[in-house]
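Quick notes on the structure that follows.
The values are calculated or read from the model by the stated rules, or taken from the named source; none is laboratory data. Everything numeric in this text was worked out from a predicted model, so none of it was measured. When we count neighbours, we look across all protein chains shown, and the Cβ atoms used for this are built from the backbone with ideal geometry, even at glycine.
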Amino acid sequence: MADDDGHGFLHDTGKALQKASIRAFDVSEETARRGWRSQQRRVSRWRSRLFMIVQISIAAGLSWWVAHDVLGHSEPFLATVAAIICLGFSFGQRLARVAEVAVGVTVGVFLGDLFMEFFGTGLWQIMVAVAVAMSITTWLGARTLMVTQSAVQAAAVMTILPGADVGVTRWQDALVGCSIALVIATIAPTSPVDRPRLIAAKVLHEAAYSVRAMVEALRARDAESAEQILGRARATEREMSALLTATSEGVSVVRSSPFLRRHRDEAMQVADLVVPLDRFIRNLRVLARRTAVATWRDEEVPGEYLEMLTELAQVIDECAAELFARRLPTTKLGMLHDLAGRTAHAPVLPRLSATVILAQMRSMLIDLMELCGEDYTDARAAVPDMD
């Protein structure tokens, strides 16, 4: 009996150790996956900002060279700083924002230099210089960023570098840095004009994947997969925010840069996609949420609905491909009209989830038609009333 108890104890201990080892392996594997995903996000973030990093680096170096070698200033610290501030604070913005920051920096440095030249530095000099700088930029109609920059630069000149140069050369350095930043912002925009179109195509590809995954989850009645799809659909909000920023920037670029005005029609065309695409993605999230509810309740969705959702995913993918090819997907309107006509003849079942899925599909078709260039009124008319 004692041997049996000993063998049983060893057997239980072995099983416990085996389970612990499996759990430890699962935890380490999950940790590794999370670490890899984290690194992927970091690399993606770095790549998205690489163009701006290169711009700022070039502007900083050129500003120092012009102030030091061309103008002969021994310590042109503010030339480099001004260039970095102007382009760095304008990340995701355009020429007007760079100009605004440049004016604030230049006014602040000039007043700081002026006070240093005639009054020296001290308590009352700093207070007066900051107050005058902020007052002038406010009088010029500046926004908060420009007003703040004028005060910061005036204070910096009078406190951090009170004896770095003679006369008003620091103001000249700041002017050099701001001017080079303005030139670079004009000829080398923060984001290529194609970026909004590529983001829109990426959003559509992600939407097509989500719709196909919903079909599989509904067929298998897999509630866990449906929840994962819902989380993925919700994550598209970040991409839409990036699209809105990139579109605003692209429109500003073609309006302000003389080198890119030929792309104005293209940029405006992409800007027109934002509103219908945003509505489409909102409807996609509602569809994903209803898919999660339907699988959780183990509700059956008609096979005809699933076939139409599969066709919808295919059309979405083809629209994305057209955008990647720098074309408005107008050629897909015929497919969308045909699919919309079929939804009007689909059977309506007395189950909420099925009804909501059909209704969301019809709404998404209207959004896609608008995205393909059709007017909202015509798109709505192209989706017939239910039989």
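Points to keep in mind about this one:
- A single member of Asp338, Asp317, Asp298 is at pLDDT below 90 and either of a type outside the set (A, V, I, L, M) or outside any loop (DSSP other than H, G, I, E, B) (or both), and it is Asp298.
- In the stretch 212-238, the residue that is modelled with the highest pLDDT out of those that are surrounded by fewer than 15 Cβ atoms within 10 Å (Cβ to Cβ) and among the hydrophobic types (A, V, I, L, M, F, W, C) is Ala220.
- In the stretch 335-383, the residues that are in contact (Cβ under 8 Å) with a residue 40 or more places away in the chain, of a type in the set (Asp, Glu) and loosely packed, with under 15 Cβ neighbours inside 10 Å: none
- Flag if Ala181 is buried (at least 21 other Cβ atoms within 10 Å of the Cβ), at pLDDT below 85 and part of a helix (DSSP H, G or I): yes
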